[in-house]
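A.B. asks: Sharing a structure with you now.
The values are calculated or read from the model by the stated rules, or taken from the named source; none is laboratory data. These numbers were taken from a predicted model, which means no experiment stands behind them. All Cβ positions, glycine included, derive from the backbone under ideal geometry; neighbour counts span all protein chains shown.
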């Protein structure tokens, strides 16, 4: 259970003369020869001096004021907070991986190249694509990469297209990535159920459209049934169809975006392939493309060469002339990709299919059960890996935010709230496949209690959460005045 | 499947509740799209944990051979000792398995750790405000230039030092190629290894980007860079690829740098074949609203208790969509938390001593190498823990000889990116290099160049 008091800043702890690790001093005369005093700074003002036990206790205490999947059910919609297998952590800490330097000659790091190459092949098969780049380090980074690839392909055709169509229900990263790639994002209205409005699409679709970005299943957790038709419409106009793979967990082993007509997809290993999210990253956002786009993938790519011809070296990083160029310092987040590789070797095709099946089963079980206890389920049809509720049936004055905060008090991490923006008071619940039925039942019970409290004792919800280190944080007030670090001069 | 607890009894009960009979009925999609019905995925067969472990140990063992050799590799990925406390603390599930801290009441641990990280980076860089991390030093550099464009609307061209990390310049090119910001590269002085800053050439400047230290390990003159940037109306961006240097060199903020960016990998992250890394960015308070990425602030809860929370989210994509300052969402939060732990473990005096040790060791090796017949130090500029040597052999050949016969990674062959200097090698020395390592290197080089 989360602690109910706060922890002092590390800068307010310790005492001059302590250290958390012993380092020998150096001879100052020699130092002056090595680095002239006029180039050097003074003592590190403001830095703490704490002993090793103080340091360990500080971070242990901070961890106890945090909630992760290891603690509790964490049904954040669109985030796929599934269990992070510990074997992957063990592998990612092996010295034969962590101590590989990217500037070592290729002959020395064949193990890393082989893993990356094999991971690429597996992703091709899972998504129905012809090639993948593993270099993007996050979903949004993958989006940018995918859009730049599209831009390069269009340029190579000798065309100029600068619009990217984006449904209003899309993740905010989609329009932001389109801008960063130099496109003009154009909003496409969606039907109430979150599916693309074909008439709106028809109207917006002209020779200036480079691509359309679609999340499938949509951010409302529903499969885009018209996807092939949409792909045909775009392809007929020479535009590309981009898949935001944030919700791939619903499809793995069941259906492949490549078969639906998508030309580009970014995947999120920290969602679908069980790599931990670490409180905001690091992630990895591999991008897959169809044949026409392969030459434009970022550099370097890993290629496999014939052993006979090249002797010892099998896997080689290559730089294609038509490539959009480098998008990361080296090969992307290798240790994250390594975890995804272990996961796929553990799951196999059958395991992945079970992932999607159980994820969708759990989501629908929640959908039906929560509707039964009175929550409004705006689209009461089969959902994919997540189900959508709203606060519409709640007594007046009770909002989605109140429900979420009350859930924290009951020991859960809340669902995604107020997203997608197109649904008023949205609560997006994604249980993932790694939860037991008992956990789901307890969660349903908690939601039932909340619905009852909302009627009988609404203040319990307004004041929630109660037993956390801090209560209802004033996130608006925190912006004025700002306090962004201990060095910050208040304005 | 051990990660999926659904039993057949569970499945039956849940299907019944949903009101269907078969799992396939869950998938409300056209049957011609259901791959699994026609052709199951062609993937390697699933393995039990013991076999996955054995397979990965085999791969790791191949890497250990390389990892155990004497190394002087640096160039943006630095070899430093990682205190044992870090791996113990960072593997705690509460940090490791949390998502982005959107719910502050359940995320004070992550939020406070990131606020402390922001404080550390502000103190180190001498800037007013640092964000909660970007992907890596290269993308941070690109983000800094895009940020400069938002601030300096009159400027057109970005002037980038040729002595900036070559990969950073490549990433910058990729980021800028579609957004109409021309890049002009500034040559470096063949004698000093410092960037040549000629204000007359830069009348349309948007920003000036220099390494500190640069790719050759040379400590650039930020005072001069500031004067030139001011003269031409450009923002000054400094880029540090070896973050440990910040604990000993004058902070960029002291020179009036507008945007500081860097690679924070030195603070507790192993080389990891180049990732995950840790992008650093910091700026002046006046520019805070132009910063890309997440910012953590200290505010209050409803009872007036201090609380940490994401602030000025109105710059971010989930609120502002296409008007956001960047598309970044997932960043490197756990790496930032690690950096905070690293800086805490070493603390005020430990960091200073560590940096001094690096400087002194690098100096010693440089002096010894310079005495070898056939070796010269081509650049006269001051360095921290990396420097360039020039020999009579080609860099590629020399490095091959060092590795093949003596199991030494002697450094990075600069001719890959600087064709005019085919005999230059970038040598990095850290606390990880023992006196014996260095003697071995000196001895080997002497032999090879005989």
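A.B. asks: Kindly indicate whether any position in the range A:62-69 is buried (at least 23 other Cβ atoms within 10 Å of the Cβ), in a strand (DSSP E or B) and at the interface with chain B (Cβ under 9 Å from one of its Cβ atoms).
C.D. replies: For the range A:62-69, residues buried (at least 23 other Cβ atoms within 10 Å of the Cβ), in a strand (DSSP E or B) and at the interface with chain B (Cβ under 9 Å from one of its Cβ atoms): present.
A.B. asks: Of all residues in the range A:128-161, which are under 28 Å from residue B:35 (Cβ atoms), surrounded by fewer than 24 Cβ atoms within 10 Å (Cβ to Cβ) and more than 9 Å from every other protein chain (Cβ to nearest Cβ)?
C.D. replies: Once the filter is applied, which keeps residues that are under 28 Å from residue B:35 (Cβ atoms), surrounded by fewer than 24 Cβ atoms within 10 Å (Cβ to Cβ) and more than 9 Å from every other protein chain (Cβ to nearest Cβ), the range A:128-161 yields A:130, A:131, A:153.
A.B. asks: Only residues that are farther than 15 Å from residue A:446 by Cβ and in a helix (DSSP H, G or I): list them for the range A:366-378, please.
C.D. replies: A:367, A:368, A:371 - these are the residues of the range A:366-378 that are farther than 15 Å from residue A:446 by Cβ and in a helix (DSSP H, G or I).
A.B. asks: Then there's this: Please tell me if residue A:381 is within 7 Å of another protein chain (Cβ to nearest Cβ), under 27 Å from residue A:195 (Cα atoms), surrounded by fewer than 24 Cβ atoms within 10 Å (Cβ to Cβ) and touching a residue at least 24 places away in the same chain (Cβ under 8 Å).
C.D. replies: yes
A.B. asks: So, one more: Can you spot a residue in the range B:363-385 that is at the interface with chain A (Cβ under 7 Å from one of its Cβ atoms), part of a helix (DSSP H, G or I) and at pLDDT 95 or above?
C.D. replies: Looking for residues that are at the interface with chain A (Cβ under 7 Å from one of its Cβ atoms), part of a helix (DSSP H, G or I) and at pLDDT 95 or above, one finds at least one in the range B:363-385, hence yes.
A.B. asks: Could you please let me know if residue B:134 is within 24 Å of residue A:330 (Cβ to Cβ), within 14 Å of another protein chain (Cβ to nearest Cβ) and in contact with a strand residue (DSSP E or B) (Cβ under 8 Å, 6 or more places away or on another chain)?
C.D. replies: For residue B:134, the condition - within 24 Å of residue A:330 (Cβ to Cβ), within 14 Å of another protein chain (Cβ to nearest Cβ) and in contact with a strand residue (DSSP E or B) (Cβ under 8 Å, 6 or more places away or on another chain) - is met.
A.B. asks: Do we have any residue at all in the range B:248-264 that's out of contact with any helix residue (DSSP H, G or I) (no Cβ under 8 Å at 6 or more places or on another chain), more than 28 Å from residue B:349 (Cβ to Cβ) and surrounded by fewer than 24 Cβ atoms within 10 Å (Cβ to Cβ)?
C.D. replies: No; the residues of the range B:248-264 include none that is out of contact with any helix residue (DSSP H, G or I) (no Cβ under 8 Å at 6 or more places or on another chain), more than 28 Å from residue B:349 (Cβ to Cβ) and surrounded by fewer than 24 Cβ atoms within 10 Å (Cβ to Cβ).
A.B. asks: Sticking with this structure for a sec: Scanning for something more than 8 Å from chain B (Cβ to nearest Cβ) and surrounded by 17 or more Cβ atoms within 10 Å (Cβ to Cβ), does the range A:30-47 turn up at least one residue?
C.D. replies: no
A.B. asks: Could you grab me the full set of residues in the range A:5-39 that are under 26 Å from residue B:430 (Cα atoms) and in contact with a helix residue (DSSP H, G or I) (Cβ under 6 Å, 6 or more places away or on another chain)?
C.D. replies: Hits for the range A:5-39 are A:19, A:20, A:21, A:23, A:25, A:26, A:30, A:31, A:34, A:35.
A.B. asks: Please enumerate the residues belonging to the range B:187-229 that are over 22 Å from residue B:153 (Cβ atoms), outside any loop (DSSP other than H, G, I, E, B) and modelled with pLDDT under 95.
C.D. replies: Residue satisfying the conditions is B:200 alone.
A.B. asks: Within the range B:311-328, does at least one residue satisfy the condition of being at pLDDT 95 or above, in contact with a strand residue (DSSP E or B) (Cβ under 6 Å, 6 or more places away or on another chain), within 30 Å of residue A:138 (Cβ to Cβ) and at the interface with another protein chain (Cβ under 7 Å from one of its Cβ atoms)?
C.D. replies: Within the range B:311-328, one or more residues are at pLDDT 95 or above, in contact with a strand residue (DSSP E or B) (Cβ under 6 Å, 6 or more places away or on another chain), within 30 Å of residue A:138 (Cβ to Cβ) and at the interface with another protein chain (Cβ under 7 Å from one of its Cβ atoms).
A.B. asks: With the requirement that a residue be facing chain A (nearest Cβ under 8 Å) and more than 24 Å from the chain's Cα centre (by Cα), what does the range B:49-92 give you?
C.D. replies: B:49, B:52, B:53, B:55, B:56, B:57, B:59, B:61, B:62, B:65
A.B. asks: Next question. Scan B:155, B:93, B:63 and give me the residue that is outside the structural domain of residue B:435 (by TED's automatic domain parsing) and within 30 Å of residue B:403 (Cα to Cα).
C.D. replies: Sole residue among the options that is outside the structural domain of residue B:435 (by TED's automatic domain parsing) and within 30 Å of residue B:403 (Cα to Cα): B:63.
A.B. asks: Here's a follow-up. Identify all residues within the range B:294-310 that are assigned to a loop (DSSP other than H, G, I, E, B) and in contact with a strand residue (DSSP E or B) (Cβ under 7 Å, 6 or more places away or on another chain); write none if there are none.
C.D. replies: Residue satisfying the conditions is B:294 alone.
A.B. asks: Would you confirm, using the coordinates I've provided, whether residue B:345 is at the interface with another protein chain (Cβ under 7 Å from one of its Cβ atoms), at pLDDT 95 or above and either touching a strand residue (DSSP E or B) at 6+ places or on another chain (Cβ under 8 Å) or on the phi < 0 side of the Ramachandran plot (or both)?
C.D. replies: yes
A.B. asks: Going through the range A:1-48 one residue at a time, which ones are closer than 30 Å to residue B:387 by Cα and in a helix (DSSP H, G or I)?
C.D. replies: Listed by number, the residues that qualify are A:28, A:29, A:30, A:31, A:32, A:33, A:34, A:37, A:38, A:39.
A.B. asks: So is residue A:407 within 13 Å of chain B (Cβ to nearest Cβ) and under 21 Å from the mean Cα position of the chain (by Cα) or not?
C.D. replies: Answer is no for this residue.
A.B. asks: Give the residue that is surrounded by the fewest Cβ atoms within 10 Å (Cβ to Cβ), with candidates limited to residues of the range A:417-439 that are over 20 Å from residue A:248 (Cα atoms) and more than 12 Å from chain B (Cβ to nearest Cβ).
C.D. replies: Once the filter is applied, the top-ranked residue is A:424.
A.B. asks: Further question on the same structure: In the range B:145-168, what residues are more than 14 Å from every other protein chain (Cβ to nearest Cβ) and buried (at least 20 other Cβ atoms within 10 Å of the Cβ)?
C.D. replies: The answer is B:148, B:155, B:158, B:159, B:160, B:161, B:163.
A.B. asks: Let me ask another. Residue by residue through the range A:257-296, note down the ones that are more than 17 Å from the chain's Cα centre (by Cα), surrounded by 24 or more Cβ atoms within 10 Å (Cβ to Cβ) and assigned to a loop (DSSP other than H, G, I, E, B).
C.D. replies: If the condition is that a residue be more than 17 Å from the chain's Cα centre (by Cα), surrounded by 24 or more Cβ atoms within 10 Å (Cβ to Cβ) and assigned to a loop (DSSP other than H, G, I, E, B), then A:262, A:263 are the ones that fit.
A.B. asks: Quick one: would you say residue B:358 is modelled with pLDDT of 95 or more, within 30 Å of residue A:18 (Cβ to Cβ) and more than 12 Å from chain A (Cβ to nearest Cβ)?
C.D. replies: Here the answer is no, as residue B:358 does not meet what is asked.
A.B. asks: Consider residue B:331 carefully, then state whether it is under 17 Å from the mean Cα position of the chain (by Cα), facing another protein chain (nearest Cβ under 7 Å) and not in a strand (DSSP E or B).
C.D. replies: yes
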